[in-house]
1. How tilted is helix 43-52 with respect to the longest principal axis of the chain? Cα atoms for both, answer in degrees (0 to 90, nearest 10).
2. Give me the base-10 log of I(q)/I(0) for segment 2-61 at each q in 0.17, 0.24, 0.29 Å⁻¹, Debye formula, one uniform scatterer per Cα, rounded to two decimals.
3. Can you work out the FRET efficiency for the pair residue 26 and residue 62, with r the C-beta to C-beta distance and R0 = 25 Å, to the nearest 0.05?
4. Under the rule of -39500 (n - 2.57) per DSSP H run of 4 or more residues, summed and divided by the residues of the chain, what mean residue ellipticity at 222 nm is obtained, to the nearest 500 deg cm²/dmol?
Ligand code: SF4
């Protein structure tokens with residue numbers, strides 16, 4: 001499972017960072033993923049972050 005943030009869509013509200021700081025961090029006004037490959041133990045939080053993102057900017061590839 002891979003994850004990335006579409007920075008053109010991200011509105012920078014930091015929801016993903018709140019939900020899963022192990023995987024997401026802010027880079028200025030937008031979020032970035034800290035890892036491309038999602039570790040097993042973070043998959044559920046990653047999906048939750050993607051579902052909670054108001055801009056649908058978190059792209060998951062299974
Ligand atoms: S939840 Fe979505 S819009 Fe908000 S900072 Fe994260 S990627 Fe950007």
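1. That works out to roughly 30 degrees.
2. Debye curve over Cα of segment 2-61, log10 I(q)/I(0) at q = 0.17, 0.24, 0.29 Å⁻¹: -0.42, -0.89, -1.37.
3. 0.45
4. -6500 deg cm²/dmol
Only the coordinates and a few stated rules stand behind these numbers; no lab work does. The shown structure was predicted, so the numbers you read here are calculated from the model rather than taken from an experiment. We place every Cβ from the backbone using ideal geometry, glycine too, and count neighbours over all the protein chains shown.
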